[in-house]
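Worksheet: the structure to be examined is printed underneath.
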Amino acid sequence: MAAIGNRGTVTEATGFDPEADAQRLRGAMKGVGTDEAAVIEVLAHRTIAQRQRIKEAYKQAVGKDLADELSTELSGNFCSVVLGLLMLAPVYDAYELRNAMKGAGTEEAGLIDILASRTNAEIKTINAFYKKEYEKDLEDAVCGDTSGMFQRVLVSLLTAGRDESNKVDEAQAVQDAKDIYEAGEARWGTDEVKFLTVLCVRNQNHLMRVFEEYQKVSGRDIEDSIKREMSGCLEEAFLAIVKCMKSKPAFFAERLYKSMKGLGTTDSVLIRIMVARAEIDMLDIKAQFLKMYGKTLYSFIKGDTSGDYRKILLELCGGE
């Protein structure tokens, strides 16, 4: 029943009683209107594992699927958050990837956010759930929806073959830095395959050494070079990989900030990160957000959203 991470704002509810929670949710949907406060109180304060037990208890007691029932009662962004909370982590990731590719146009940010930040084991599980749920290989779906070098980076990430050891090969790190430099800054045009080979394959510790060496060789931060050498989705994908290697919480803090900064809110990004990271590293994301922007994530969400949608996100954020 444990939470899937230990730095989350959502932790296991003590004295957990799935039957009582199921009845409470049933009561919240009975009659005219919905008691949204009860829905928030139950679902935003249970772990994913606990929510699965509530779903089972609900089905047993009522003979209906909890997610189906809630989706007829709720609407908009609030509904999206609630339904996301009811899914297992890899199922939610698979669902979000499918949404990013559904219909006309592709939400590249969705593909990048998920695939650049998940571990090999997570990606393998997402692949399996995608196939089971949508009867199609995730790789085929991605290939049908993207093209060029951007597609190749995503396919490389989907193989879940990144070295995940802690080993740093000093000579190789120096060579990798030199290879990237020669593939980009040092030549006319860019040999993106070299970037892919290093950034999508090497382990985190090794890459941190490569970035240090790169700074020495080129006099620039790797991120600056990527911005100079690439554009569009490919630039976004490589930057996301580099940022996740340096610090996943900082990567997500920046994504949250950008989703709310300026006019309008990119709700798809805001919802995806708040739902997916609430139980894993939201405490670290909040700390990074404050450090990077001088404001709390809580105050940002509060100022940028409204209604029950705001209420549930603030609960997932876990206070100032």
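The values are calculated or read from the model by the stated rules, or taken from the named source; none is laboratory data. Computed from a predicted structure; not experimentally measured. As a convention, Cβ positions derive from the backbone with ideal geometry for all residues, glycine included, and neighbour counts pool all protein chains shown. Side chains are part of the model used for accessible areas, which takes the heavy atoms of the whole protein and leaves out ligands, DNA and RNA. Shrake-Rupley method; radii C 1.70, N 1.55, O 1.52, S 1.80 Å.
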Taking region 271-320 and keeping only residues that are in a loop (DSSP other than H, G, I, E, B) and not charged (D, E, K, R), one is left with 278, 280, 294, 296, 305, 306, 318, 319
Picked from region 188-211 (must be not in a helix (DSSP H, G or I) and not aromatic (Phe, Trp, Tyr)), the residue nearest to residue 242 (Cα to Cα) is 200
In the set 268, 225, the lone residue that is in a helix (DSSP H, G or I) and within 30 Å of residue 163 (Cα to Cα) is 225
Across region 279-303, the tally of residues that are open to solvent by 40 Å² or more (accessible area, probe 1.4 Å) and in contact with a Phe, Trp or Tyr (Cβ under 6 Å, 6 or more places away or on another chain) stands at 1
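The rows are residues; the columns are (1) over 30 Å from residue 67 (Cβ atoms); (2) open to solvent by 60 Å² or more (accessible area, probe 1.4 Å); (3) not polar (S, T, N, Q).
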| site | (1), (2), (3) |
| --- | --- |
| 95 | no, yes, yes |
| 115 | no, no, yes |
| 121 | no, yes, yes |
| 145 | no, no, yes |
| 149 | yes, no, yes |
| 159 | yes, yes, no |
| 180 | yes, no, yes |
| 185 | yes, no, yes |
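Considering only residues of region 30-70 that are of a type in the set (Gly, Ala, Ser) and open to solvent by less than 50 Å² (accessible area, probe 1.4 Å), which is modelled with the lowest pLDDT?
Let us first name the residues in region 30-70 that are of a type in the set (Gly, Ala, Ser), namely 31, 33, 37-38, 44, 49, 57, 61, 63, 67.
Within this subset, residues satisfying the condition of being open to solvent by less than 50 Å² (accessible area, probe 1.4 Å) are 33, 38, 44, 49, 57, 67.
Values: 33: 82, 38: 97, 44: 97, 49: 97, 57: 98, 67: 97.
Looking at residues that are of a type in the set (Gly, Ala, Ser) and open to solvent by less than 50 Å² (accessible area, probe 1.4 Å), I get 33.
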Qualifying residue in region 80-96 (condition: acidic (Asp, Glu) and closer than 21 Å to residue 112 by Cβ): yes
Is it the case that residue 178 is more than 17 Å from residue 244 (Cβ to Cβ), out of contact with any Ser or Thr (no Cβ under 7 Å at 6 or more places or on another chain) and assigned by the TED database to the domain that holds residue 220?
yes
Selection from region 197-222 of residues out of contact with any Phe, Trp or Tyr (no Cβ under 8 Å at 6 or more places or on another chain) and open to solvent by less than 30 Å² (accessible area, probe 1.4 Å) yields 198, 200, 203, 206, 207, 210, 211, 213
Within region 227-258, residues being open to solvent by less than 10 Å² (accessible area, probe 1.4 Å) and at pLDDT below 95 number 0
